[in-house]
Structure formats: structure tokens, C-alpha cells
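*Asks:* I have a structure here, written as C-alpha cells, and I will follow up with some questions on it.
Derivation of every value follows stated rules applied to the coordinates shown; laboratory data play no part. From a predicted model like this one, the values you see are computed outputs, not experimental measurements. Cβ atoms come from the backbone with ideal geometry, glycine included; neighbour counts cover every protein chain shown.
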Amino acid sequence: MEINIEGRSATVDEVSRDGNIITMKVDNELYEVDALRVAEGIYSIIYKGRSYNIEMIADSTARHYTVNSWYNTYKVEIIDAQTRYKLSREKGSHTDEGKVILSPMPGKVVKILVAEGDQVEAGQTLIIISAMKMESEFKARVSGVIKNVSVTEGETVDANRELIVIE
Amino acid sequence: MEINIEGRSATVDEVSRDGNIITMKVDNELYEVDALRVAEGIYSIIYKGRSYNIEMIADSTARHYTVNSWYNTYKVEIIDAQTRYKLSREKGSHTDEGKVILSPMPGKVVKILVAEGDQVEAGQTLIIISAMKMESEFKARVSGVIKNVSVTEGETVDANRELIVIE
Amino acid sequence: MIRKVLVANRGEIAVRIMRSCREMGIRTVAVYSEADRASMHVRYADQAYCIGPAPSVESYLNIDNIIEAAKASNADAIHPGYGFLSENAEFSDRCDREGIIFIGPNSHAIRMMGDKITARKTMMAAGVPVVPGTVDKIHDEEEALKIIAEIGVPVMIKATAGGGGKGMRLVKHADDIISSLRMAQSEARNAFGDDSVYIEKYIQSPHHIEFQILADKLGNTIHLFERECSVQRRHQKVIEETPSPLLTEAIRNEMGQHAVAAAKAAGYYGAGTIEFIVDDNLNYYFLEMNTRLQVEHPITERVVGIDLVKEMIGIANGDPLPYKQGDLKQNGHAIECRIYAEDPDNNFMPSPGTIQHITEPLGLGVRHDGYVYEGYTIPIHYDPMISKLIVWAKTRQEAINRMSRALHEYKITGVKTSIRFLARIMETPDFVSGNYNTHFIEKNLDFLMQEPECDGQCEDIALIAAYLDYTRKLAKVSTNGTTQKAVSRWKDVR
Amino acid sequence: MIRKVLVANRGEIAVRIMRSCREMGIRTVAVYSEADRASMHVRYADQAYCIGPAPSVESYLNIDNIIEAAKASNADAIHPGYGFLSENAEFSDRCDREGIIFIGPNSHAIRMMGDKITARKTMMAAGVPVVPGTVDKIHDEEEALKIIAEIGVPVMIKATAGGGGKGMRLVKHADDIISSLRMAQSEARNAFGDDSVYIEKYIQSPHHIEFQILADKLGNTIHLFERECSVQRRHQKVIEETPSPLLTEAIRNEMGQHAVAAAKAAGYYGAGTIEFIVDDNLNYYFLEMNTRLQVEHPITERVVGIDLVKEMIGIANGDPLPYKQGDLKQNGHAIECRIYAEDPDNNFMPSPGTIQHITEPLGLGVRHDGYVYEGYTIPIHYDPMISKLIVWAKTRQEAINRMSRALHEYKITGVKTSIRFLARIMETPDFVSGNYNTHFIEKNLDFLMQEPECDGQCEDIALIAAYLDYTRKLAKVSTNGTTQKAVSRWKDVR
């Protein structure tokens, strides 16, 4: 499995497993670790006498994590086969080109500033979402025509919900 | 369902349920409660504006509870049809007559003082179990002959494990 | 004699108020919006009433519904907490009319301190220093020159109708007064159609330092020393500490006396806070008065040893203050960190969601005031504050070390939080040396956002953990049997 | 200079020690038995080494394995906590020989205080009062009469070979001395084949009060006042508080000076405790010295404001004590409750098991030192203590109210605990009035075990909760589809 950590891309594979004792290969390094999941998202890993209490905070998508140990914090992204396939499909559509505005958090649609068919410029504010007493403006990353407005004012949206599509 | 609470036997039945709003009948009293399970064994119940944060501590068997609210503690025993059937079967065998010595807690068998075939008197110590630095002696509640010793010294036992059977 | 208190609030402050009520043998009533049925304050209270839909205006700001709940529950007093209706004079009046004790000041004091100009004039009359300058617009260039000659440069020229930095000019040298004035007026005219401007002393390196006061209904007023609140992000306090590393004992006493005078001038009773702006030379000026309990009140409680909520209830009962100024002293050092559900790596975007796991920091010198629990979903409708972490130690340095330790112990999964950002502040040299002002976060942003150094091994361990958690998730959602069985057989501890 | 500490212990005390190490920037090493892989101290430490199978003798008491882990991890010091090897002179010696700093006293002091007769003689020589009587057996009736005339009735005559109350006689009147002596001797001869007896002053209404001391390697010794430990069940402390409600200021000072003298007489350095037995008339007698950190040390930390573990590490480093006796004072009141996994309703039978849910008490004045977490299985092999709940308040009455509040907040499901029993003690008139001795639990057992009064409604709500939980459990285990679907569709919050 390919995993990115703070810009480094590593290959992580499981070699063998015997109860909590797991042998892993990270790039060319072999690690025999004693690993326990002690709670949801909390792992205790002992490697060569060093104890790591690792906290995994899932990001908005299942394959993005913030990983905390006692002394460090990392941004981690999983790139497995399944994900790579999904990624390629997404590339084929429009996500990575900034044409779909997704809600990065749950919130409430306060104001929609454009309608279907409108011509918009990159940098123009399209929609305002409010969550926890804070309003966030979402701007067009590309210029184009509004193809679809998927939400209505006053509506409550989940994280990663499609809000507006530009064509 | 029949439930005993601190010596009182009550009939508890569900009349209707709509989301968290549940109508229950306890003996002849109707209760429309707003009930949420907020964590394992923790219930929040609002009835006529009173808020009850109830903690259910399962006893050694599934149908025995210690129930704590802010101001009170109760011992509760469920007597449902299934239980009643099991109870009658158990009655038919030997449990309720004190002929089976069960371990009331997880622990380690420190010493077994009798062997199969031994004649024992009521009150005689049969076995010593240790848990958490404390040793507990278990005595015969009836006189009889040891029919079976189900454990060995040094063995670790779970709660409710059969230890010794007297005939 | 108060026997039952309705808490017109939610979250950590509602629970915190109920804790003190419990200790006093006072019954508690929670009110909650439809989004808050599972919230801790509802579970903690003796009674609970739903007061409307999720949006605050329909529930926690709905005076009629709250009064109705107070009557239905026979509550004889209402504690408003902070935010929501806590500084609403109309609500205080309404409680009076309904015969319910409002645990806070009377509406007159709320109104007087709520109006910026009245508050300023009251303070000037009471001899409390205010930021030098004009309140009303200046009439001509002569007046401007005269005023600036009095208060000295640097000054800010601000548009009366202003906002967003428009029509605002900083004047550093006396030579620039006339040109700056004209430019500000011209900009103001263009932006607001009104060229009125006023002049205010510009405070370089401003510190935000506030004094806690307590006043009873019999005319006794004391202060409980200061709180240093200069660590702010976008005018939101992030970290508070007491004592302030900036103040000297002499200035502290002087400011304390002014704080007491300020409260007396407002005819104030209850718990309140006098906010000052302080420059590097320890010149201090009254900024505003908060006529309520503050978010950061626990650091004062810890250092002075007094439960402020209990004192508020005693005052509301009409009791005399049990302490005189001379009885109080600052013992040791306390720091508070506010833990928010937000993503510091993504412009501090709010991060509501469901708490999957929480490990709360414990041990010597640690107080944790929170309200979330495992399985609780933080609603999108309210403030993103999850909890407040307060530590105490004999010295400031030990308190910083203890806060670092506590922040590292504090683990929440399910939502993103500011915990790591706060931990980084504890390591920032300017914070450690106590040499900071309200520009602290801005000034140290590079350091605060910098990724810590790390050897390859701990990075690899993080990769292994990510692998384990991700494959476990895949195995859980997998329904087509293609996922390798070994994963699901992996023995969990729980 | 200590840079890395191996903690030769487990449970809450291991975590508590590591917390102070973290705050000092000292790295930590955990050791664990095979039963403790998932235990919090293993997760908390920087390094972790397995030292053997579950039974203590093979792991936490295994000196060779612990020393090996210390060497493998390059730890330069070992903190033994309490229990296990903490008062083992051989272990202290072994650390010395291996060049590892033992964070505790030298083996000489451990040995001296570990032997009852040596300790008694040392104390007598230092002028510290001991329980009047003989240590060696008495030789004839004349001697008995003479000794009892000196120390006064009541006295206890005890068999030298004694135990289990055999050969023991309480003498209340001088007239009964000879007859009681003969009966005790006869009983001792029959029971042990040895009629040797000795005589000790009988302490009516005994109080167990101990003094915390700190001594550095440079000869400075201070005391940190007392802890009242009279609430005991079967000689196990259950609740401790400080200050003691029994002592006067004069007696406190006197006992404190004796405690310092006692430590000096033993050539002691480190943290230690001098235990006294005190009668209702405030006569006090040295009982024994504990040459380690005590379970109940946090109440002293809270009232005096000193981190004892940090002081122990400083002393082990050879640093002079940073405080003089005159710097210390008792501030407010602290109470500790020990939370055990046990069933008070079933003769306090241990209750190991898996923690399903835990809500820890929080808020103003509450310290909670624990180590269990949700999903953690408490092993059967070790002490049943789950955690220690410590509260502080300005007054004793407020501390009692706060402890009640905290105990009621504290919710653990999955195992049975002593929480409700402790809450009941907080309501017991003898405890509330501070009028208690070591017979407290025995004397108040009826009150403590009595079920509280309750109206029918809250009983019915409990029945409803039981119904809901039980039907939910049935639905979960049901595989044959006979259970009604409505149950499993019931919406949970989490």
C-alpha cells in the first residue's frame, strides 16, 4: 500500500502477523512491532522498547488522517489501489480541477450568490456556509458557467457535500 | 416483563415507541418518557421535566443490575419469560439448592481442599480463590459428597464458572 | 433564599454552573434546544425543558420560552452563564418582573456598560483612565492639532462611520497630522459619504489585561486580581493566564483599585470584569466592562481559591461578600487553554462532528471543564469550544510545563481540534519568556505552523498505524469478501 | 542529573510518576507484566519493556528483570512507586551496585524502619513518643505490676508469639492485672506452646494520623503536615483528609517536630511518612515509618502546593530542598477517596472485569488520578484500586460537598465499585462532624449499608431503564429472529 506522509511517499506492506506482533515493511525497512488498538482511533505500538501511543484523527475522507504521537503530528494520506482507481475516476470528471465546490465541514447554507447559468470569474464568492457561529465564503477556483447549484439557502449540509458545479 | 426492584415485583411493559419517546406501563401507571442511550449502560430519561441520568451496572448475570441515579441506588432483577424458563430448569437441576459452587468473580484457584468422592459437611471450606490480592474461601452450603471438581489449582477462572458440584 | 436555579445556557458553562449548585444543595434546571437533547447539561440537571429548535434565536435567546420553563419548574433564580442572554438588559428586567432572581447585575448596570460612550464617560467621571482621544467627531484642523498635542503621537484617526480599515490613518509624527487628517477625511467621504473622523491614542504593543471584580448588594466591592488575555486570534482569546507576566505589584494594585472604582461607578453588583488595554510602558486604559461571568474565570478561581459561581449565587441571595480585599492573595500561577473543534491547518475552519474517543488530561494541578463525551455529536449551531483546560503550579514555568504535559495527554478523535496548536504555543519562546502582546499569534505564526523535526523511525511508526487503521476500516466496510481475512481476525484489546 | 526514569510499578501510581517526569523533561520507561500490555502506564511511557508473566513475583517483584530493563533502556534512575519493591532494601542496594539511582531512601534506612523493634528503639532514643509498654516479654508478675503502674490502665496483654486475638487480654482496672496476666499466659501456652507475653498501652478511640516528611541528602528535613487516615476497613485506608479535624495547632506543630526528629534519627532522605496513633485526648505515639511515597500523598500536594514526586527526583539528584519549614503552610482542606473495583453489597468482594464506560468527575477543585479507560480489562492479579479522587476546597464542609458532587458524577459501568459506599460516608453524621476514629466504618455500618428512601416514581424510572437495557441486550444476542424488531431499530445517540 502506498501512503503519503508529509510529502514523502512510502510503500507500507504487511509481512506477517501473530496476534499483536506484526511484521511490517516500510519501503525497505522491516519493523516487527507489538501493536494494539486500545480505543477507536488510538493505537499502542511498541517497537524495540519504544512506546508510541498513536492517535488517528480521520480527516474529511477516510483515507486522510492527522496522526499524533507524543511528540509529533503528521498529515497522512492513503493511496491504495481502490483509492487510486477512485482518484483516476475523479480526475476524469471534475473534482481535481476545482470545478466542484464541496462543503469542507457540516454547516448551514447562509447565502447563495449565483444561479445556474451565471458566468463567474475565478475568485468570485459563490456561497456562504455557517458553522459554529463562523461564516465561511467559498469562491470559484476557476472561471466558467454555473452548471448546477445542489443546495438551497437555509439547508443543513454534511461535510463533503457537493454545493455548486462550474462548467 | 416482570422486574424485581428492592424486593418489589413490578410488571413493566412497552405500550408504544416513537423515536426516543416511549410509553411504558409500570404496574398500572403509564409513563411517557423521552429516553436516550448515551453510552454503554448509561441512559438519559426525561419524564415530566425531570431529568434522570441512569447508570446500569450489569451484575454477574445479564438479568441482574445495580441501577444508579443521581440520588438513589437500586438492585434490579429481570424475570422475563426466557429467564423464568431458565430458572425453572435450573431449579430442576441443582443451582438453587446450593449444590454447585460458582466463582462469583474472575480469579485464580489457590487451593482445592476436597477431592471427588469426599464427604463434606455444610460450612466446610471447599476451595480458595484469589483475585486482586484478596483470597476468598468458598464453603459448602449443603452437606453431601463431592461429585465433581471442575478446576485445578493455579487455574484462572472467569466469573460464574462452575468450580465444584456436591451431590 | 435560592433553592432551584435554571441555567439559561448550554455546553461546558451550563455544566460548570450546575456543579457549584450541586455542592450548595441547590436543585438545577436545564433548558435545551432540539439539537441538544443528548447534551451533558441536560443529563446533569435535576430537571430539563426543551425551549425550541436548534437556532439560538428560537431557543437559547428566546426569553418567553425560558421564562416559561422557569415557571413550569418552579425555579426561583436564573443563571445566564456567558454569551446568549447574559448581557441582555431586557432579560434581566423580565426576570425582575416575573419575580425570578437574575443571577447577575441589574439592567441599569448592563445598559450603562453596554453603551460604549456612556461607559467611557462614567469611567472618566470616576477617575478611571480611558484611551486618550475624542469620542465625538472633531470639527476642524485646529481642534485636531490641539487634541494630538495633548495626547501625543502616535494616534489613530478613525472614521466615525468607519469599519474595515477604511478612513483610518496612523499618525506617527506631528508633521504628518494635517496631511493624514485630510486623507482620512477624503477616504471616509468616498467610502461612507461622511467625512467625520475622531482621534484616539494609538497603543503600540497592546496587552489585554482584565480585572475580576465581585460586588454585593450592600455596597461592598473587591477585585480578584487580573487575567492576562493577550494571546488572541482574530480578537478571540485563545490562552489566558494569571498573574500577568507584564504587571508589577504596584501597577497591579493601582489597576485593581481602578477596577473597584469602575464597578462602584456603575452601581454594579455580581461578578464582572473590567477590561484594560495596557502598553509596554504599563500605561493602562479602561476598554470596557463585561457584566457577566467570563469564559476564563477558572484561572482566577484557582489562584485566589474562590468559587465565583457560588459567590454570584450568594450575592443574588443578598448576602454580604464573605471576603475583604485584604483577605485575598494570588497563590501560584494558572493558565487556561480553550480547546476548539477547529482545524488549525485549514485556516481554523470549524470542525463539528461526533466524538469517537476522548482521553481527558488528569493529575496534579489540572482542571478540565468540558461537556462532550464519547458518542456525542457536536452541533453545528453553537460555539466550537469543546472544553477549557486549566492548570496550576507554583511558578509560571512549571505551569507551562504542566500545560504541555496535559495537552499531550488530551486525545480526541472524531473531530479536529486546536490541541496541537495550543501545545505549540507552550513551546514558543515569546510565550515562555512572557514577552508577548495581542500581536503574538500573528508575529509567531511561522513558528506556530512549522512542522516539528522528526526522525524517520517515528514517521514509519505513524505509517504503520495508518496502515493498520485503514485496513481495519476497509475490513469493516467490506461486504464482498475480497478483503483479506487476517485483518478482521486481528485481536483488539477492547 | 536524572534524564530518564524507569518506573518499577503499574496502575495509577506509575502514570502519576510519569506525569511529573514529563513536566520535568525527563524521559520515562515503563515495565509491564504480560497481563499489562494494554495498561495505561505502558501507553504513557516513552519506552516499555515486558518483565515477565502476570504474577507479581515473576514480574513487578523480579529484581533481575527490572534491572535488565533499566540497562536496556539506559535509564539512570528507578522510581519504585508504592507497594511492590518500594520498601525492599535489597532492591535499593542492587540499584546502588548497578550504578542506577534509586529514587527513595538508602537501604540502611529501609532496614532500620522495616524492623519493628529497631524502629521503636531508634524513636525512643530520639525522644519520639512510642506506645507505652514493653517490647520484650515480661519475666514475672512483679514486673507486670510495675510496668502497668507506670503506663496506667487500660493496657493490653499480648502473647509474644501471638496472632488472631489468642493470648490477648484487655485490662481496664488495676485489680484485674494478675488474673488477666495468668489467663493470657495460659491461653498463649495452649495456643502457641509459649506463655511469653508483653504489655502495651491500650489506645481507646484510636486515630491514625501520619506526617509527610521530605529530607534531602544534605541533612535538611521538613514536614508537610499531617494526613488523617482513620477511615479504614479491615486496616485498609478508605478515605484520607488533611488537615485532620482532630488536631489542634499546638499538637500539630509538636507532632511535626517529632516527625522531623524521627526522620533525622533514621538518617533518612527522600519522601517518607511517620505514622502516629492518637487518642481522643491527643496523646500521640509513633507507630511506624513508611519509607516510600504513600497512596494518599495527593492531599498533601494539594494543601501544601508541592509536587512530591518532583521533590523526590530533586533529592535523588542531590539537590537541596527548595523549601524551609517556615515557607510551608496548609491552605484549605483536601479529601481523598480510594475507588476500588469491589462490591460493597457483597462483602467487598473484588470485582475485576472490563470497563464498559467511564465518566470521570471534573471541574473546580477536583483531581482524579486513575489509569483505566473504556475497553480496559482490570486484571485479577493486582490491587483492586481503580483510581483516587481528590478534592480541595477552602473549608472542610465545602470539601465534603464537593466530594459528594464528584462521586455522583463518577460513573463506571462494567465493574462494580465502591463509589456509592464512599458517597454514603460523605453523608454520615460522624464523618461530617469530623468526630470519628478507626472504628468509624464498623460503628456506622448500619447507616452506611442502609438503602436510601425513594419515592415510587424514581423507582419506576429505574425499572424502565432496566427494561430498555435488557431488551436491547436480548435484541443484540438474538439470532433466531424472535425478538421484536422495534427494539433493534431504536435510535441510539451514539
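*Asks:* If you filter the range C:161-220 for trypsin sites (Lys or Arg not before Pro), then keep DSSP loop positions with at most 15 other Cβ within 10 Å, what is left?
*Replies:* C:K172, C:K217
*Asks:* Across the residues of C:372-381, average count of Cβ atoms on other protein chains within 10 Å?
*Replies:* Going residue by residue through C:372-381 and averaging, the value is 6.
*Asks:* What FRET efficiency do you get for C:A149 and D:T354 if R0 is 60 Å and r is their Cβ-Cβ distance, rounded to the nearest 0.05?
*Replies:* Details: r = 77 Å, r/R0 = 1.28.
Efficiency computed from Cβ-Cβ geometry: 0.20.
*Asks:* In what sequence, highest mean first, do B:6-17, D:329-340, C:223-234 appear when ranked by Cβ atoms within 10 angstrom?
*Replies:* The most tightly packed comes first, giving C:223-234, D:329-340, B:6-17.
*Asks:* Which value in deg cm²/dmol, rounded to the nearest 500, describes the helix-derived mean residue ellipticity at 222 nm for chain D, given -39,500 (n - 2.57) per DSSP H run of n ≥ 4 and division by the residue count?
*Replies:* -10500 deg cm²/dmol
*Asks:* Just tell me how shielded D:338-350 is by partners: mean number of partner chain Cβ atoms within 10 Å of each residue's Cβ, no decimals.
*Replies:* For this peptide, the per-residue mean of nearby foreign Cβ atoms is 3.
*Asks:* Please compute the modelled spin-label separation between C:L170 and B:D118, points set 7 Å along Cα→Cβ, answer in nm with one decimal.
*Replies:* Once both label points are built, they end up 9.1 nm from each other.
*Asks:* I'd like the Karplus ³J(HN,Hα) series for the range D:191-197: coefficients 6.51, -1.76, 1.60, θ = phi - 60°, whole numbers in Hz, and an x wherever there's a Gly or Pro.
*Replies:* 7, 10, x, 8, 9, 5, 9
*Asks:* Now for a different question. Would you mind telling me which residue in B:G19, B:G144, B:G117 has the biggest mean-square fluctuation in a Gaussian network model of chain B, where springs connect alpha carbons within a distance under 10 angstrom?
*Replies:* Taking springs between Cα atoms under 10 Å, the residue moving most is B:G19.
*Asks:* For the range B:2-79, what Kirkwood radius comes out of the mean inverse Cα-Cα distance, in Å? It would help to have the intermediate numbers written out before the result.
*Replies:* Working: mean 1/r = 0.0755 Å⁻¹.
For the range B:2-79, the Kirkwood estimate is 13.2 Å.
*Asks:* Taking θ as phi - 60°, what are the ³J(HN,Hα) couplings along the range D:264-272 by the Karplus curve (6.51, -1.76, 1.60), each to the nearest whole Hz, with x for Gly and Pro?
*Replies:* Ordered by residue, 3J(HN,Hα) equals 5, 4, 8, x, 8, 9, x, 9, x Hz.
*Asks:* Name the most mobile residue of B:N72, B:N148, B:N53, meaning the one with the largest mean-square fluctuation, in a Gaussian network model of chain B with Cα contacts below 10 Å.
*Replies:* Greatest mean-square fluctuation among the candidates belongs to B:N72.
*Asks:* State, as an integer percentage, the relative contact order of the range D:102-168 based on alpha-carbon contacts under 8 Å between residues 6 or more apart.
*Replies:* Dividing the mean separation by the residue count of the range D:102-168 yields 16 percent.
*Asks:* Here's another thing I want to ask about it. Counting other C-beta atoms within 10 Å, which of C:H139, D:H41, D:H79 has the fewest, and how do the rest follow?
*Replies:* By the 10 Å Cβ count, ascending: C:H139, D:H41, D:H79.
*Asks:* Hey, another quick one. With unit charges on the beta carbons (Lys and Arg positive, Asp and Glu negative) and the dipole taken about the Cα centre of the range B:2-79, which residue among B:Y65, B:A39, B:N28 sits farthest to the positive side?
*Replies:* B:A39
*Asks:* For Cα pairs less than 8 Å apart in space and 6+ apart in sequence, what is the mean separation divided by the residue count of chain D, i.e. the relative contact order in percent? Let's see the in-between values first.
*Replies:* Numbers: 992 pairs, mean separation 61.9, N = 494.
Relative contact order comes out at 13 percent.
*Asks:* Once label points are set 7 Å from the Cα along Cα→Cβ at both B:S9 and D:S433, what is their separation, rounded to one decimal in nm?
*Replies:* My value for the distance between the label points is 4.4 nm.
*Asks:* Defining the label point at 7 Å along Cα→Cβ, can you sort the distances from C:K172 to the same site in each other copy, shortest first, in nm?
*Replies:* Copy-to-copy label distances at C:K172, shortest first: 9.3 nm.
*Asks:* What percent of all Cα-Cα pairs in the range D:4-103 falls in each 10 Å bin, counting up from 0?
*Replies:* Pairs per bin, as whole percents: 18, 57, 25, 0.
*Asks:* Shifting gears a bit: Partner chain Cβ atoms within 10 Å, averaged over the residues of C:71-77 - can you pull that number for me?
*Replies:* Neighbouring Cβ atoms belonging to other protein chains average 1 per residue here.
*Asks:* Roughly how many Å is it from the Cα centre of the range C:356-394 to that of the range D:294-330, as a whole number?
*Replies:* A separation of 29 Å, based on Cα centres.
*Asks:* Along Cα-to-Cβ, 7 Å out, sits the label point; list in nm, shortest first, how far the one on C:A126 is from those in the other copies.
*Replies:* 5.7
*Asks:* Could you work out the percent of alpha carbon pairs in the protein assembly as shown separated by over 53 Å, rounded to a whole number?
*Replies:* 31 percent
*Asks:* Continuing with this model, one more query. For D:M112, C:M449, C:M40, what's the fewest-to-most ordering of other Cβ within 10 Å of each Cβ?
*Replies:* Details: D:M112 21, C:M449 11, C:M40 24.
In increasing order of surrounding Cβ atoms, one gets C:M449, D:M112, C:M40.
*Asks:* Let me ask something additional. What are the distances, in nm and sorted shortest first, from the label point of C:T395 to the label points of the same position in each other copy, with each label point placed 7 Å from Cα along the Cα-to-Cβ direction?
*Replies:* For C:T395, the inter-copy label distances come out at 3.6 nm.
*Asks:* Taking only the alpha-carbon positions of chain B and ignoring solvent, what does the Debye formula give for the base-10 log of I(q)/I(0) at q = 0.08, 0.09, 0.17 Å⁻¹?
*Replies:* -0.37, -0.46, -1.05
*Asks:* Given contacts defined as C-alpha pairs under 8 Å and at least six residues apart, what's the relative contact order of chain A, whole-number percent? Could you put the intermediate results ahead of the total?
*Replies:* Values: 342 pairs, mean separation 26.0, N = 167.
After rounding, I find 16 percent.
*Asks:* Dipole magnitude of the range A:95-166 about its Cα centre, charges +1 at Lys/Arg Cβ and -1 at Asp/Glu Cβ only, in debye to the nearest 20?
*Replies:* It works out to roughly 140 debye.
*Asks:* For D:D46, D:D176, what's the fewest-to-most ordering of other Cβ within 10 Å of each Cβ?
*Replies:* In order of increasing Cβ crowding within 10 Å: D:D176, D:D46.
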